[in-house]
């Protein structure tokens, strides 16, 4: 059973279909990456999950039962278009937003104070938002997203507009939330962060899901049969290699050679390893899996040419 | 499971924020204080001007004819000193005396001399000129009548003042003395106040929606509450601010005007008592003076009559009905217009973009405002009645008609139509708002707007 599941979601606007039969399933306690080019329909899907708009067709299940309006109190949402009231004081504003999530004033106050101390920003409580830098405002935004201790967190482009230091802080916080048992949906363009953070992904292009599954399996399925091996100098040469094995590159590193070998038959990885071991001593052996970045570009390009 | 706040209490939290940020603003406090001050000033300035005197002025009367000098009676403004002698020496003495002006009435060969020269070291004011004209005119009139063989008393006896009182007959047959000038004034004031308040507070709702869009906070909020909750929280919050403002205005105005009338009213009354007293001193000093005194008294009586009529008119207004009608028509009009203003705010990214959409919203209000001349002249005319029934114009036009008396059924029907129509405008406002607040960067065309209205939530 998935913690949050969207089944066959269709959303039409006059003149175009924003989502066409999209299904995703997010297992509990995992980080789910929602990927796709701009305008693919990610934000529409996220708004549907947050019940900001409703789907035309399809089903939404939260913890196994149909998603209810009151479930939003258990969601934390950091939208792509995010901001704060400029003229309002930081603390007052955070309290307001926490209470709109359904927290009682006392509880909200205590939790906010705890987060403010954790981020080292307790002195900002009485400052107006317009006095804060953009990075500082982002910290406040993050706090109001998580303060009500939601079991599901939805971050839409959380790293956009963050400086590297704050982006890193965000990553760590997201991982900590995961460790504490939260389920997280992450929409991002930053493919490095997908590899670091996500357990599962869905790739949406032109309103359709074109790829989905666990990150490791997707990367395996996109394997280009590329392997990196370290051997003694001159231990591997093109002549010694069996049919279908090619040396793509070879770099001399002291007494060792680091070679990249491509395999052009459908041999599985243990088979490749067996073949190489028979040839010479291997100091290291690893398969070079395509990066999510490459998979993203590949998959989108393929789906675009198919249509 | 922790106990969570309900949807209603979340709306209450929104209302509280919208209310508090506004009443805490300096501009709210300034408006609250300035409003009644302006009204009090409108009320006090005419009284102040009427009671203002530059102190008493000494005027020398050099009457070569001897016909007029007795009619110049010293009063609150001027003290008259009859002087005699050769013109040159009189002038010399005047210059040395430091008195304000010298009125020279030269002898002529006519029976009734009608010229006077005022000498003064500075340009004399209009008031002394007017006073000399008035006093001399009355005496000359009497003299001329006498010359033709009429008794000046005859003139006074035929002077007629026509008094028109308006009486409102109620359905139950009871009568009430009304005053159409007072009704016009009150109708105009009530209509204008509603008009400006609808614009002012409707505009506040719109700006607040735009602010949330440009701040990009709106999506954060509507992931916690429904867009409709946010919109109504805002409308109710700003509405409560407007009622607070009005309540404070009424209280402060009452306090101020009471204070002003306590101070000024005393002066006014003194003046009213003084004037007839002065004129009566003059009586019995010859036929000419007598006639002028009588005329003065008549004028005084006339003023008092007018004053009485205004008071009657003010008393004839049913303030309870006026105030409760104001309350209900303002609330209805405010809900109607603020929901449309909220929709306009949701459609655009900045205030500069609102022009195109604001005009259709405000056009009915402007029409209502421009019809003021007609409505006040023909409060029961067909056009006036129609405008006071159509929900978009009724809050302004009905308030203009009200002091003239409006049948109960018309008022009830108009209110029913107004509140019925607010259901439509709040629905329309809400469907446009909830779509518009999530769309950035482009203004919708009218066609797109129509699509928004048809979207499912």
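The values are calculated or read from the model by the stated rules, or taken from the named source; none is laboratory data. As the structure is a prediction and not an experimental result, all values here were calculated from the model. Cβ coordinates were reconstructed from backbone atoms using ideal geometry, including for glycine residues, and neighbour counts include every protein chain displayed.
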*Among B:212, B:181, which is the only one that is part of a helix (DSSP H, G or I), in contact with a helix residue (DSSP H, G or I) (Cβ under 8 Å, 6 or more places away or on another chain), on the phi < 0 side of the Ramachandran plot and within 13 Å of chain A (Cβ to nearest Cβ)?*
B:212
*asked:* Just to be sure I understand the filter: pairs with C-beta atoms under 7 Å, separated by 6 or more residues or on different chains, first member in the range A:266-278 and touching a residue at least 40 places away in the same chain (Cβ under 8 Å), second member assigned to a loop (DSSP other than H, G, I, E, B). Which pairs pass?
replied: A:276/A:282
*Sort through B:338, B:292 and tell me the only one that's part of a helix (DSSP H, G or I), farther than 19 Å from residue B:188 by Cβ, out of contact with any strand residue (DSSP E or B) (no Cβ under 6 Å at 6 or more places or on another chain) and at pLDDT below 90.*
B:292
*Across the range A:115-135, what is the number of residues that are part of a loop (DSSP other than H, G, I, E, B), over 22 Å from residue B:208 (Cβ atoms) and within 14 Å of chain B (Cβ to nearest Cβ)?*
0
*Can you confirm whether the range B:359-370 contains a residue that is touching a residue at least 24 places away in the same chain (Cβ under 8 Å), over 24 Å from the mean Cα position of the chain (by Cα) and closer than 30 Å to residue A:54 by Cα?*
yes
*Please report, ordered by residue number, the helices (runs of 4 or more DSSP H) entirely within the range A:187-285 with at least 1 residues that are closer than 30 Å to residue A:80 by Cα.*
A:191-197, A:215-221
_In the range A:226-246, residue nearest to residue A:291 (Cα to Cα) [restricted to those that are surrounded by 16 or more Cβ atoms within 10 Å (Cβ to Cβ) and free of Cβ contacts under 8 Å to residues at least 60 places away in the same chain]_ = A:229
*asked:* Condition first: more than 18 Å from residue A:184 (Cβ to Cβ) and without any contact (Cβ under 8 Å) to a residue 60 or more places away in the chain. Now tell me which residues in the range A:196-223 satisfy that.
replied: A:217, A:221
*Hey, can you tell me all the residues within the range B:16-32 that are touching a helix residue (DSSP H, G or I) at 6+ places or on another chain (Cβ under 7 Å) and either within 12 Å of another protein chain (Cβ to nearest Cβ) or on the phi > 0 side of the Ramachandran plot (or both)?*
B:17, B:18, B:22
*Among the candidates B:2, B:10, single out the residue that is within 14 Å of chain A (Cβ to nearest Cβ), modelled with pLDDT under 75 and touching a helix residue (DSSP H, G or I) at 6+ places or on another chain (Cβ under 8 Å).*
B:2
*Can you pull out the residues in the range B:215-234 that are facing chain A (nearest Cβ under 9 Å) and under 22 Å from residue A:128 (Cα atoms)?*
B:215, B:216, B:217, B:218, B:219, B:220, B:221
_Any residue that is exposed (fewer than 14 other Cβ atoms within 10 Å of the Cβ) and more than 8 Å from chain B (Cβ to nearest Cβ) - is there at least one of those in the range A:136-143?_
no
*If you scan the range B:93-133, which residues turn out to be in a loop (DSSP other than H, G, I, E, B) and closer than 27 Å to residue B:146 by Cα?*
B:106, B:107, B:108, B:109, B:110, B:111, B:112, B:113, B:114, B:115, B:116
*Considering only the range A:64-109, how many residues are over 26 Å from residue B:436 (Cα atoms) and out of contact with any strand residue (DSSP E or B) (no Cβ under 8 Å at 6 or more places or on another chain)?*
12
*Kindly check whether there is at least one residue in the range B:50-68 that is farther than 30 Å from residue A:94 by Cβ, at pLDDT below 85 and assigned to a helix (DSSP H, G or I).*
yes
*Yes/no for residue B:237 being modelled with pLDDT of 90 or more, within 14 Å of chain A (Cβ to nearest Cβ) and either part of a helix (DSSP H, G or I) or farther than 25 Å from residue A:47 by Cα (or both)*: yes
